[in-house]
Amino acid sequence: KQWYQRRVAITAGGRFKHFARLTDPFNCLKSDQQLEDAKNIVHKYKSDGTMPPGGLEALWSAKYLYESAFHPETGDKQNTVGRMSFQVPGGMAITGILLAFYKSPLEIFLGQWLNQSFNAFVNFTNRSGDKPLPDSVILSAYLTATSLATATSIGLNKTLGPRAPPIVGRFVPFAAVAVANMVNIPCMRSLELKEGVVVVDSDGNKLGQSVTAAKRSIITTTISRICIAAPGMLMTPIIMEQLEKKPYIKGLSQWKSCILQTVIVGSFLVAAVPFGCALFAQKQSIAVDALEEDLRKAIMEKDSTIKTVYYNKGL
């Protein structure tokens, strides 16, 4: 309970520090044995209060490592590529490609296909709830997001290309990514919109499932993801526009330019990933009065003193 309340009450600055440790790319390099050790430390402390040999600091280190690799509700170990700690290396590589190869329809399609494949995997891995998604839902979300992102890029390139300054074309990949996120995340989490997400009391006891909470969690997650992408995808084109005025940069091949942009994007993502994750607390609260009528009545019948409930919004 102490850990749970600490997470809910944490400040925005505290959340940033929390997610900076949680999304640390070096967490991806930990072995399966190190992850299992961290899991055992956390579970043992929760069950009987046993402290690890290193004391409180070792306990918190184990907790961060455990939470970086295991789903908060199912407890399943997440695939490395889908973890938020892989957002910096994975995101910088894909964004570098999107920003460097954005002119021809084939480049756009391949870049957006790669990006949405990665996004679909991340969205599925960090979904809220513990129910498996049907394959048809996953495939539909994947194909829809990829198609929309590609269509947005090609459409904007054709519309803006003849008239707009060259730098405007460099912003097209971000517009496509933003549109795709607005589709990919709700599609990948459509089961939550149908059945709701689990809401609990302050002690973590399950009270029911709320569609209202699910809608809020998907909206905030979508905003967070767009905010993660925005700094690198908007600032890198501006930086490149200035760098390419230098003779030694202007002559770079497209692939070398891609590598340079990947490094620039990575420098932004190191801060943007924890910032985006910290915009909204992962454990959100919602007033009982704001819930669906049937769920509200069920909670009031169970315990009329409960005024606020909590849910995991996902990442």
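The values are calculated or read from the model by the stated rules, or taken from the named source; none is laboratory data. It should be emphasised that the depicted structure is a prediction, and the values quoted were computed from it without experimental measurement. Every residue, glycine as well, gets a Cβ built from its backbone with ideal geometry; the counts of neighbours run over all protein chains shown. Calculation scope for accessible area: heavy atoms of the full protein, side chains included, ligands and nucleic acids excluded. Shrake-Rupley method; radii C 1.70, N 1.55, O 1.52, S 1.80 Å.
If you check Glu67 against the conditions, is it under 19 Å from the mean Cα position of the chain (by Cα), over 23 Å from Phe268 (Cα atoms) and at pLDDT 85 or above?
On the way: under 19 Å from the mean Cα position of the chain (by Cα): yes; over 23 Å from Phe268 (Cα atoms): yes; at pLDDT 85 or above: yes.
So Glu67 passes the test.
Open to solvent by 30 Å² or more (accessible area, probe 1.4 Å), at pLDDT 75 or above and not polar (S, T, N, Q): is that true of Leu106 in this structure? Break it down stepwise before answering.
On the way: open to solvent by 30 Å² or more (accessible area, probe 1.4 Å): yes; at pLDDT 75 or above: yes; not polar (S, T, N, Q): yes.
Yes.
From the residues in segment 212-249 that are open to solvent by 60 Å² or more (accessible area, probe 1.4 Å), without any contact (Cβ under 8 Å) to a residue 24 or more places away in the chain and part of a helix (DSSP H, G or I), which one is nearest to Val177 (Cα to Cα)?
Taking the candidates together, the pick is Ile219.
Hey, does segment 58-81 have a residue that's in a helix (DSSP H, G or I), among the charged types (D, E, K, R) and touching a helix residue (DSSP H, G or I) at 6+ places or on another chain (Cβ under 7 Å)? Break it down stepwise before answering.
Applying the first criterion (in a helix (DSSP H, G or I)) to segment 58-81 yields 58-69, 80-81.
Adding the requirement that they be among the charged types (D, E, K, R) leaves 63, 67.
Still in the list and also touching a helix residue (DSSP H, G or I) at 6+ places or on another chain (Cβ under 7 Å): 63, 67.
Scanning segment 58-81, I find at least one residue that is in a helix (DSSP H, G or I), among the charged types (D, E, K, R) and touching a helix residue (DSSP H, G or I) at 6+ places or on another chain (Cβ under 7 Å), so the answer is yes.
Considering only segment 192-211, state which residues are part of a helix (DSSP H, G or I) and open to solvent by 40 Å² or more (accessible area, probe 1.4 Å). First the steps, then the outcome.
Just the residues of segment 192-211 that are part of a helix (DSSP H, G or I), to begin with: 192-195, 211.
Within segment 192-211, Leu193, Lys194, Glu195 qualify.
Going by the conditions given, is Glu73 within 25 Å of the chain's Cα centre (by Cα) and either exposed (fewer than 13 other Cβ atoms within 10 Å of the Cβ) or under 19 Å from Ile228 (Cβ atoms) (or both)? Let's see the steps before the verdict.
Working: within 25 Å of the chain's Cα centre (by Cα): yes; either exposed (fewer than 13 other Cβ atoms within 10 Å of the Cβ) or under 19 Å from Ile228 (Cβ atoms) (or both): no.
So Glu73 fails the test.
Scan segment 18-58 residue by residue and report those that are at pLDDT below 85 and among the basic types (Lys, Arg).
Hit for segment 18-58 is Lys46, nothing else.
Considering only residues that are in a helix (DSSP H, G or I) and β-branched (Val, Ile, Thr), which ones fall in segment 250-303?
Initially, segment 250-303 is screened for residues in a helix (DSSP H, G or I), giving 250, 254-278, 288-290, 293-302.
Answer for segment 250-303, where residues must be in a helix (DSSP H, G or I) and β-branched (Val, Ile, Thr): Ile259, Thr262, Val263, Ile264, Val265, Val270, Val273, Val288, Ile299.
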